[in-house]
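Right, one structure below, let's go through it.
The values are calculated or read from the model by the stated rules, or taken from the named source; none is laboratory data. Just so we're clear, the structure is a prediction, and the values are computed from it rather than from any experiment. FYI the Cβ positions are ideal-geometry reconstructions off the backbone, even for glycines, and counts take in every protein chain you see.
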Amino acid sequence: MKGMDKHLTLIEGIGPTGARSYRSFTVDRLDGAWTPLADTWSAPFAGQNNVTYAPGVADWSDDISHGELVREGNDETATIDTCNLQFLYQGRNPSSGGECSQLPYRLGLLRVIR
């Protein structure tokens, strides 16, 4: 994380409604103890409980799945700018169903609004 001596990990999970979301944890060093950051269904890193859509954009997905933080650069450090967090993810219409490989997934980009 840019300007911090911390690492961030995101873990995807399935919540009680069946929707996917992400929890997050931080650590000072990779062999240290991970500390919860946003790690519950009600207060996730990214999930249906804390994602809103821009005015005029329909709420098109309850799932925040197969995501990746947009990195600041393109080197092996994978640095993220916590002042400009962006998260690319796949979502789908909540009323769609069927086999996973046939679901109508779409890409979305989350941005932090302060």
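Looking across segment 7-23 at every residue that is of a type in the set (Ser, Thr, Tyr) and surrounded by 17 or more Cβ atoms within 10 Å (Cβ to Cβ), the one that is nearest to residue 105 (Cα to Cα) is identified as 21. Every condition in (1) assigned to a loop (DSSP other than H, G, I, E, B); (2) under 12 Å from the mean Cα position of the chain (by Cα) is met by residue 22 except one, and the failing one is (1).
Kindly evaluate residue 76 against the criterion of being in a loop (DSSP other than H, G, I, E, B) and touching a residue at least 60 places away in the same chain (Cβ under 8 Å). No, not satisfied. From the list 58, 33, the one residue that fits, being among the hydrophobic types (A, V, I, L, M, F, W, C) and more than 17 Å from residue 9 (Cβ to Cβ), is 58.
With respect to residue 37, determine if the residue is modelled with pLDDT of 95 or more, surrounded by 11 or more Cβ atoms within 10 Å (Cβ to Cβ), under 10 Å from the mean Cα position of the chain (by Cα) and not in a loop (DSSP other than H, G, I, E, B). First the steps, then the outcome.
Values: modelled with pLDDT of 95 or more: yes; surrounded by 11 or more Cβ atoms within 10 Å (Cβ to Cβ): yes; under 10 Å from the mean Cα position of the chain (by Cα): no; not in a loop (DSSP other than H, G, I, E, B): yes.
In short, no.
Quick check: is even one residue across segment 16-31 of a type in the set (S, T, N, Q) and closer than 18 Å to residue 1 by Cβ? Scanning segment 16-31 turns up at least one residue that is of a type in the set (S, T, N, Q) and closer than 18 Å to residue 1 by Cβ. Restricting segment 80-114 to residues that are closer than 16 Å to residue 24 by Cα and of a type in the set (Ser, Thr, Tyr), the residue that is surrounded by the most Cβ atoms within 10 Å (Cβ to Cβ) is 89. Are any of the residues in segment 50-66 aromatic (Phe, Trp, Tyr), farther than 17 Å from residue 1 by Cβ and surrounded by 10 or more Cβ atoms within 10 Å (Cβ to Cβ)? There is at least one residue in segment 50-66 that is aromatic (Phe, Trp, Tyr), farther than 17 Å from residue 1 by Cβ and surrounded by 10 or more Cβ atoms within 10 Å (Cβ to Cβ).
Residue count for segment 15-34, restricted to those that are modelled with pLDDT of 95 or more and aliphatic (A, V, I, L, M): 2.
Identify the residue in segment 1-28 that is among the basic types (Lys, Arg) and in contact with a strand residue (DSSP E or B) (Cβ under 8 Å, 6 or more places away or on another chain) and, among all such residues, is farthest from residue 62 (Cα to Cα). Before you say what the answer is, go through the steps one by one.
Let us first name the residues in segment 1-28 that are among the basic types (Lys, Arg), namely 2, 6, 20, 23.
Then drop every residue that is not in contact with a strand residue (DSSP E or B) (Cβ under 8 Å, 6 or more places away or on another chain), which leaves 6, 20, 23.
Numbers: 6: 30, 20: 8, 23: 15 Å.
It comes out as 6.
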